[in-house]
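Q: Below is the structure I would like to discuss, written out as structure tokens.
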2 protein chains.
Amino acid sequence: MTDGEMHETGVLGQIEFWFDFSSPYSYLSVMRIGELAQHAGVKIVWRPFLLGPIFQTFGMSTSPFLLQKTKGKYMWRDMARQCQKYRLGWTRPSEFPRMGLLPSRVATLEAGAPWIGAFCRKVMERSFVENRAINEADSVAEILDDLDLDASPLLDLAHSDFAKNLLRQRTEEAGNRGIFGAPTFFVEEEMFWGNDRLDDALQLAVSAGTRETSKIIS
Amino acid sequence: MTDGEMHETGVLGQIEFWFDFSSPYSYLSVMRIGELAQHAGVKIVWRPFLLGPIFQTFGMSTSPFLLQKTKGKYMWRDMARQCQKYRLGWTRPSEFPRMGLLPSRVATLEAGAPWIGAFCRKVMERSFVENRAINEADSVAEILDDLDLDASPLLDLAHSDFAKNLLRQRTEEAGNRGIFGAPTFFVEEEMFWGNDRLDDALQLAVSAGTRETSKIIS
């Protein structure tokens, strides 16, 4: 049985990756998850969502990093160190949280596309390395062009009610499943919060995949 | 130059370890730090403090794990997994946060004692493995007895105004230095929050120690 066949019959380990384009620690996981998951033989289910409405359900008007100043100050220092550790580019965004509604809609619509990982990495790098806006149609078009994709129909779809509703539903689902921050990973019903838990989540996904494979073989 | 001499001349890497006996993630670090620091050749400066007054300065009446129910629910699951990962005993405490004022005073007074690590581990295990109270004189006396120490004079001192003020000052210092949770580590002025950052903090402490040693040798 090849990896491809395992994938198609659904017995490859799988990780659901919930993230928000404005979340610094989501940036770390977006940049890291592709290579790590590939190495582990785990399939990624991309689940962009919006943290803002989640925070609101907890009575928070904005990011906890803004509401709690000392925690926010620490986070920026921690992010600089984490990027150095993982050898990732880093510029503290001049705007925080930086709005990423439009790329979130594109990523929600195209979560199953073969280019989804590359798209998400480019959006994140534009914000957290180049310190540039990501919410304008021009910004997203530039990224799609870079990926040799036809930006125009994708952007039209991203502006549709269908796309708006889909992202809204995803965000509601996030809340219903107990998500309170980003990134969050699910392996089956097991939830992991934070980039610091990515390795643990992937390890569980590998075991879960192996368990399923044994069932079919036996 | 032996390790002992390095220690005495202050060039051994050093880590300040700020923790609260009621904090679950502090339990993980209390259990792990002794062996890890010894292996790395890093000196631990034990800094017990009280998280409660810190949370109050942020307008929180109690632990964020109680104020934010989904986060609290996740934390208990995460703790069970983390203890399994680090092969530590674990029982979810029936009382949370469990008051640990008296052992905090003893640990603050005796932070430099050779038995401080063993004492802190026993307090933590009593709470997070045996699910027993830690704040009564009897509880602390039992732990001190176990360590072949004379409990009576230590407890008398722990009940003194001197001890109360010292712990109060430490907690104020924690707030002034930007601590907003526990465990928190300092290596020189670099702050690290959370058990997940213990390894990074120790690594920096090793570099800092090496740097100081080079200065003296050169």
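Q: I want the local charge near A:Met79. Using Cβ-Cβ distances under 12 Å, sum +1 for each Lys or Arg and -1 for each Asp or Glu among the other residues.
A: Neighbour charge sum, excluding A:Met79 itself: +4.
Q: Calculate the mean, over all residues of peptide B:181-192, of how many other protein chain Cβ atoms lie within 10 angstrom of the residue's Cβ. Numbers along the way, then the final one.
A: Values: counts 4, 0, 0, 1, 0, 0, 0, 0, 0, 2, 5, 4.
Average per residue, whole number: 1.
Q: Which order results if A:Leu198, B:Leu36 are arranged by neighbouring Cβ count within 10 Å, fewest first? Mind showing how you got there, number by number?
A: Working: A:Leu198 20, B:Leu36 16.
Starting with the residue having the fewest Cβ neighbours, the order is B:Leu36, A:Leu198.
Q: Hey, could you pull the Cα Rg and Dmax for region A:22-93, both in Å?
A: Spelled out, the Cα radius of gyration and Dmax of region A:22-93 are 14.5, 40 Å.
Q: Go through A:Lys215/B:Lys71; A:Lys85/B:Lys122; A:Lys85/B:Lys43; B:Lys85/B:Lys122 and tell me which ones have a Cα-Cα distance over 25 Å in this structure.
A: Where the Cα-Cα span goes over 25 Å, the pairs concerned are A:Lys215/B:Lys71; A:Lys85/B:Lys122.
Q: Between A:Leu66 and B:Ser61, with labels modelled 7 Å along Cα→Cβ, what's the label distance in nm to one decimal, could you check?
A: About 2.7 nm separates the two model spin labels.
Q: Kindly identify the protein assembly as shown as rounded, prolate or oblate by the Cα gyration tensor criterion: order the square roots of the eigenvalues as a ≥ b ≥ c, call it rounded if a/c is under 1.5, otherwise compare a/b with b/c, prolate if a/b is larger, else oblate.
A: The shape class here is prolate.
Q: Take chain B, connect every pair of alpha-carbon atoms lying under 10 Å apart with a spring to form a Gaussian network, then pick out the residue of B:Met75, B:Met124, B:Met99 with the largest mean-square fluctuation.
A: B:Met75
Q: How would A:Val30, A:Val42 line up from fewest to most surrounding beta-carbon atoms within 10 angstrom?
A: If I rank by nearby Cβ atoms, fewest first, I get A:Val42, A:Val30.
Q: Using alpha carbons only, how many angstrom separate the centre of region A:55-132 from the centre of region B:158-218?
A: 29
Q: For A:Ile134, what is the net charge nearby, where nearby means another residue's Cβ is under 15 Å from its Cβ and Lys, Arg count +1, Asp, Glu -1? Each step should come with its number before you reach the end.
A: Working: positive: A:Arg98, A:Arg105, A:Arg121, A:Lys122, A:Arg126, A:Arg132; negative: A:Asp20, A:Glu95, A:Glu125, A:Glu130, A:Glu136, A:Asp138, A:Glu142, A:Asp145, A:Asp146.
Neighbour charge sum, excluding A:Ile134 itself: -3.
Q: Just want the answer: with Cβ charges of +1 for Lys and Arg and -1 for Asp and Glu, which residue in B:Leu198, B:Gly209, B:Gly178 is farthest toward the dipole's positive end in region B:164-217?
A: After comparing all options, I get B:Gly178.
Q: Treating only the Cβ atoms of Lys and Arg (+1) and Asp and Glu (-1) as charged, compute the dipole magnitude of the protein assembly as shown about its Cα centre; round to the nearest 20 debye.
A: Approximately 680 debye in magnitude.
Q: Can you compute the helix-only [θ] at 222 nm over chain B? Use -39500 (n - 2.57) per DSSP H run of at least 4 residues, normalise by all residues, nearest 500 deg cm²/dmol.
A: -18000 deg cm²/dmol
Q: How high is the relative contact order of chain A, in percent, counting Cα pairs under 8 Å that sit 6 or more residues apart?
A: 33
Q: Say we join alpha carbon atoms closer than 10 Å with springs in a Gaussian network model of chain A; which of A:Pro153, A:Pro103, A:Pro24 then has the biggest fluctuation?
A: Looking only at A:Pro153, A:Pro103, A:Pro24, the largest GNM fluctuation is found for A:Pro153.
Q: Nothing charged except the Cβ atoms of Lys and Arg (+1) and of Asp and Glu (-1): what's the magnitude of the dipole of chain A about its Cα centre? Round to the nearest 20 debye. Don't skip to the answer; put the middle values down first.
A: On the way: 24 positive and 29 negative charges, 228 e Å.
Rounded to the nearest 20 debye, it is 1100 debye.
Q: Next question, about the same structure. Taking the Cα centre of region B:56-142 as origin, work out the dipole magnitude from +1 charges on Lys and Arg Cβ and -1 charges on Asp and Glu Cβ, in debye rounded to 20.
A: 580
Rule-based calculations on the coordinates, nothing more; no lab input. Quantities reported herein were computed from a predicted structural model and do not represent experimental measurements. Don't worry about glycine lacking a Cβ; one is built from the backbone with ideal geometry, like all the others, and counts go over all protein chains shown.
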